[in-house]
1. Among the listed pairs K194/K282; K110/K176; K110/K341; K239/K350, which have their C-alpha atoms separated by more than 27 angstrom in this model?
2. Can you show me the helix-derived [θ] at 222 nm for the chain, built from DSSP H runs with n ≥ 4 at -39,500 (n - 2.57) apiece and divided by the number of residues, rounded to the nearest 500.
3. Can you classify region 1-71 as rounded, prolate or oblate using the Cα gyration tensor, where a ≥ b ≥ c are the square roots of its eigenvalues, rounded means a/c under 1.5, and otherwise it's prolate if a/b beats b/c and oblate if not?
4. Taking a probe of 1.4 Å, how large is the accessible area per residue of the chain, in Å²?
5. When ranked by the protection proxy of mean other Cβ atoms within 10 Å per residue, highest first, what sequence do the peptides 15-25, 84-94 form?
6. As I understand it, the dipole of the chain uses +1 on the Cβ of Lys and Arg and -1 on the Cβ of Asp and Glu, about the Cα centre. Which of Y181, P278, I102 lies farthest toward its positive end?
7. Per residue, what volume in Å³ does the Cα convex hull of region 1-120 take up?
8. At 1.4 Å probe size, with the rest of the protein present, what percent of the exposed accessible area of region 103-177 is carbon and sulfur atoms?
Amino acid sequence: MGMTMTQKILAAHAGLESVQAGQLINAKLDMVLGNDITSPVAINEFNKAGCEGVFDNTKISMVMDHFAPNKDIKAAEQCKQCRGFAQRFDIKNFYDVGDMGIEHALLPEKGLIAPGEVCIGADSHTCTYGALGAFSTGVGSTDMAAGMATGEAWFKVPSAIKFNITGKLNKNVSGKDVILYIIGKIGVDGALYKSMEFSGEGLKNLSMDDRLCIANMAIEAGAKNGIFAVDEVTLEYVKGRVDREFKIYEADEDAEYEQVIDINLSELESVVACPHLPENTKPAKELSDIVPNQVVIGSCTNGRLSDMAAAARIMEGRHIAKGVRCIVIPATQNVYLECIKAGYVETFIKAGCVVSTPTCGPCLGGHMGILATDEIAVATTNRNFVGRMGHITSKIYLASPEVAAASAICGRITDPADM
């Protein structure tokens, strides 16, 4: 029996000729990731277990992105603990204020993940790196601790759903619309502990930023991971970023999939996920009666340069509606710098937005945009659970940067095609 792309990567890292769905394996890791919230818990477990060293100080990343610059004393103590650990073991990939970014945008940008590699991270959206043809998945902080010490982790090999991508996206439709459409179609448990594998002739029409966004939200369908076939788009992205050898894995022609779903990109339109689940999707044009108090453009899902460019294009020469607060958060320092060079920051400020240093902040209800009682947000983030961004009576509508920008300008949820 043939293997899927994910199964081939896991087999290679477990030192096995083949694996099958449901099999328990122990696999070697190429990267272990933590942030300022999850790393302290992992460090405590690492110390409790009596570990005296890390398996490889070049294969551990810690990114201070959730509450940095520190929002309160507790956040300051958490980051201090991470700094101490990084200094103790000379962790090479430690990113703090001034050179940090949102972790799942920063690691690909820095070339820390390559095709065919295995990465675990103590953050559920670690599945982002499947966009590069890697196997990456979120784990608990205890698994992160074990990974830092041993360089290994155990997995149950997932079965897979194949998404056959055809066509080309229309103007103002992007990767966020693709993944929201998929989650709306299969549900938040539609890929539970499965691998979502994307291939097909239409992949060439999806940018790397589109792919990173789609893979990022695989977890919102319950998936163990999302992964894209490696093609010229992938190789062009890693060129100049990844300075080591890597191996490309392809699914066997006779690989077994639980389901094959065809997605024609040319048929998709702007989609919004209504409260309080990412599966609760509707076309943006059907939600024009929803008036947001706040719009957030950023996060590990949609804070990359192309996302900033899309928002700036729509806001150019316009001003956000009265009564709307718009927060723009470039995902990394480099994205921020490129936004300044391209004039996007000036566009945002003239439009009445606030532009923030890179942070996860409002996405998890941490800081930089907490919602009050009954407030409504349109956000390019990845979750709209009850109380996710603030008060439990607040509501979050998940959207693309294009829809978010159009909604900020018009003061109601707006399909950018109607502007």
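The values are calculated or read from the model by the stated rules, or taken from the named source; none is laboratory data. Predicted model only: the values in this text are computed from it and were never measured. Glycine also receives a Cβ, built like all others from the backbone with ideal geometry; neighbour counts cover every protein chain displayed. Areas reflect the complete protein model, heavy atoms only, side chains present, ligands, DNA and RNA absent. Shrake-Rupley method; radii C 1.70, N 1.55, O 1.52, S 1.80 Å.
1. On the way: K194/K282 25 Å; K110/K176 23 Å; K110/K341 20 Å; K239/K350 36 Å.
The pairs that break the limit, which is 27 Å between Cα atoms, are K239/K350.
2. Details: 13 runs with 124 residues, N = 419.
Value at 222 nm, helices only, nearest 500: -8500 deg cm²/dmol.
3. Details: a/c = 2.86, a/b = 2.01, b/c = 1.42.
Because a/c hits 1.5 or more and a/b exceeds b/c, region 1-71 counts as prolate.
4. Working: 16000 Å² over 419 residues.
Per-residue value: 38 Å².
5. Details: 15-25: 13.6, 84-94: 16.0.
My ranking of the peptides, most packed first, is 84-94, 15-25.
6. I102
7. Working: hull volume 15.0 nm³, N = 120.
Residue-normalised Cα hull volume stands at 125 Å³.
8. On the way: 830 of 1740 Å².
Of the solvent-accessible surface of region 103-177, carbon and sulfur hold 47 percent.
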